1. Can you name the condition, by its number, that Tyr100 falls short on among (1) within 22 Å of Leu151 (Cβ to Cβ); (2) out of contact with any strand residue (DSSP E or B) (no Cβ under 9 Å at 6 or more places or on another chain); (3) open to solvent by 50 Å² or more (accessible area, probe 1.4 Å)?
2. Any idea which residue in segment 69-114 is farthest from Leu45 (Cα to Cα), counting only those that are of a type in the set (Asp, Glu) and out of contact with any Phe, Trp or Tyr (no Cβ under 8 Å at 6 or more places or on another chain)?
3. Kindly evaluate Glu149 against the criterion of being more than 27 Å from Gln130 (Cα to Cα) and modelled with pLDDT under 95.
4. Tell me, please, whether a residue that is more than 28 Å from His137 (Cα to Cα) and in contact with a Leu (Cβ under 6 Å, 6 or more places away or on another chain) can be found in segment 213-222.
5. Could you grab the pairs with beta carbons closer than 7 Å, sequence gap of 6+ or different chains, first residue in segment 47-60 and at positive phi, second one in a helix (DSSP H, G or I)?
6. For Ser22, work out the one condition from (1) at negative phi; (2) modelled with pLDDT under 75; (3) surrounded by fewer than 21 Cβ atoms within 10 Å (Cβ to Cβ) it doesn't fulfil.
7. Do we have Asp92 as closer than 24 Å to Ile242 by Cα, surrounded by fewer than 23 Cβ atoms within 10 Å (Cβ to Cβ) and free of Cβ contacts under 8 Å to residues at least 12 places away in the same chain here?
8. Filter segment 157-171 for residues that are open to solvent by less than 50 Å² (accessible area, probe 1.4 Å) and in contact with a strand residue (DSSP E or B) (Cβ under 7 Å, 6 or more places away or on another chain); which is farthest from Leu42 (Cα to Cα)?
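The values are calculated or read from the model by the stated rules, or taken from the named source; none is laboratory data. Computed from a predicted structure; not experimentally measured. Here the Cβ is made from the backbone with ideal geometry for all residues, glycine too, and neighbour counts use every protein chain on show. Just so you know, the surface numbers come from the protein's heavy atoms only, side chains and all, with ligands and any DNA or RNA stripped out. Shrake-Rupley method; radii C 1.70, N 1.55, O 1.52, S 1.80 Å.
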Amino acid sequence: MNLIFQVSHLRFKLNFGTLMLSYRHGYHAGNYADVLKHALLLQVLKSLHKKNKPLAYIDSHAGAGGYALTDEFSQKTGEYLDGVAKLWDKEDLPESLQQYIDDVRHFNQGKAELSFYPGSPAFVDMNMRQKDRMVLHELHGADHALLDEQLGADKQVRVIKGDGLAGLISAVPPQERRGVVLIDPSYEMKTDYQDVPNALIKAYKRFSTGVYMLWYPVVKRAQTEEMLKILIGSGIKRQLRIEQAVKADSDEFGMTAAGLWIINPPWQLDEIATEMLDYLAPLLNQGGGKITVKWEVGE
């Protein structure tokens, strides 16, 4: 059975019989890392929308746009059960997380059962104004095709098949001169830990007033910290670390923490993140974890 419902001014097609959304990021869609990433993305957009000026959203690794949590990939890992599912029925959410859950519910058409999870482009789409614009990069052929099917027809959205890091450099500065850049790679290649910060630094030199949101995992702590040191030593001001560890650092396989490294964060985002993580920590901690909100580079 197909359902087509309005999300902002665009349409997403959800198929309850077969998977019509992404089958790759679906392994991890809605996990604890997604909760923090997407909740903070919404708060950044909310802050920037306080000014009645257009902005651009630029995504280096956009994925397919949305994910079916009922498919075999999500069911195999069940990561969403330790993420968004734990917030689904909560009635005491802080305001910063309430908007996040409200948007997930909208993506599920308000149904009682959590079946679908919006990717970053879908969250942005649900909060776009007519004057805003999206530039979405996706290299994987199948994911790009799905993303383009859902969003490509809209004049406010440009869906690009190609290397997101190279595309990021070409996309800045945006014509609006205001924008949010989300860099959310897979880190499957070891070279990503050098290529990603170097690309961000190049983009910043072209567009120094943008808000840059770099998502990062912690699988091997030393490897992650070496990447972040490149940014700390870049000379760029106003760099904020927001990180949730659900386990203690370990040499064993698997992600123990994830975070956002934000350059030019909107005013009070550090306070909002602290409120958010204070709520999430006891709910999502799997033992030995901790939360961090820290200005790594100040003014």
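1. (3)
2. Our first condition is that a residue be of a type in the set (Asp, Glu); within segment 69-114, this holds for 71-72, 79, 82, 89, 91-92, 95, 102-103, 113.
Next, only the ones that are out of contact with any Phe, Trp or Tyr (no Cβ under 8 Å at 6 or more places or on another chain) stay: 72, 89, 91-92, 95, 102, 113.
Working: Glu72: 32, Asp89: 25, Glu91: 24, Asp92: 23, Glu95: 14, Asp102: 15, Glu113: 27 Å.
Here the answer is Glu72.
3. No: the conditions fail for Glu149.
4. no
5. Sorted first by the residue in segment 47-60, then by its partner, the list stays empty.
6. (3)
7. Yes, satisfied.
8. Start the filter on segment 157-171 by keeping residues that are open to solvent by less than 50 Å² (accessible area, probe 1.4 Å), which leaves 157, 159-160, 162, 164-165, 167-169, 171.
Filter once more, keeping what is in contact with a strand residue (DSSP E or B) (Cβ under 7 Å, 6 or more places away or on another chain): 157, 159-160, 162, 164, 167-168, 171.
Values: Val157: 18, Val159: 21, Ile160: 23, Gly162: 26, Gly164: 21, Gly167: 23, Leu168: 21, Ala171: 21 Å.
For segment 157-171, the residue satisfying everything is Gly162.
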